[in-house]
1. Taking the condition surrounded by 17 or more Cβ atoms within 10 Å (Cβ to Cβ), touching a helix residue (DSSP H, G or I) at 6+ places or on another chain (Cβ under 6 Å), among the hydroxyl-bearing types (Ser, Thr, Tyr) and at pLDDT below 95, does Ser19 pass?
2. Being more than 17 Å from the chain's Cα centre (by Cα) and farther than 21 Å from Glu54 by Cβ is the filter here; which residues of segment 106-137 pass it?
3. So if I check each of Asp56, Asp96, which one is modelled with pLDDT of 95 or more and among the charged types (D, E, K, R)?
4. Pairs, please: C-beta under 6 Å, at least 6 apart or cross-chain, first residue farther than 14 Å from Tyr138 by Cβ and in segment 99-127, second β-branched (Val, Ile, Thr)?
Amino acid sequence: MKKEIAGEARLFRKSEKPSEDWSCNWHYAHSASYNSIASTDAAGKWCIFSSSVEVDEHWGKIRHAMENDQLMCAKVSTALRSMSRDGHVICVYTRDWTDVQDVAGARDVLRLLGFVAELGYKRDIDTVNGVYGPGEWYLRA
């Protein structure tokens, strides 16, 4: 008879809902016209911070926009990744942070989806270089 370790069932539980998934750190999605989430020096992302109560609804809106080819690709932190943090983060990617139309276009889509509060935009190169805290955001809009 196998002795069950407390919390083991919860720790490895897989779910389509980010708020309930304990099997991995991130869920990924992309539009039909984009088939890879790759970090490059030119890539960047809008960061949406969500509570555990709101993250599944927010992720659903983002995924729907990608299914309609309005956004390129995104990832969301799961319950496992957010375990020691205050809530979740959804990263909505753009190809090139120097492409003002692409960056602003993604922000416009996010506003139409109801993400009207100010969001931070971060270049992937800054994430790679460990830029966090003061000066973290390349752009706020």
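The values are calculated or read from the model by the stated rules, or taken from the named source; none is laboratory data. The model shown is predicted, which means the values in this text are computed figures rather than measured ones. Cβ coordinates were reconstructed from backbone atoms using ideal geometry, including for glycine residues, and neighbour counts include every protein chain displayed.
1. yes
2. Kept after step one, since they are more than 17 Å from the chain's Cα centre (by Cα), are these residues of segment 106-137: 112, 129-131, 133-135.
Once the filter is applied, which keeps residues that are more than 17 Å from the chain's Cα centre (by Cα) and farther than 21 Å from Glu54 by Cβ, segment 106-137 yields Asn129, Gly130, Val131, Gly133, Pro134, Gly135.
3. Result: Asp56 is the single residue among Asp56, Asp96 that is modelled with pLDDT of 95 or more and among the charged types (D, E, K, R).
4. Filtered contacts from segment 99-127: Phe115/Ile48.
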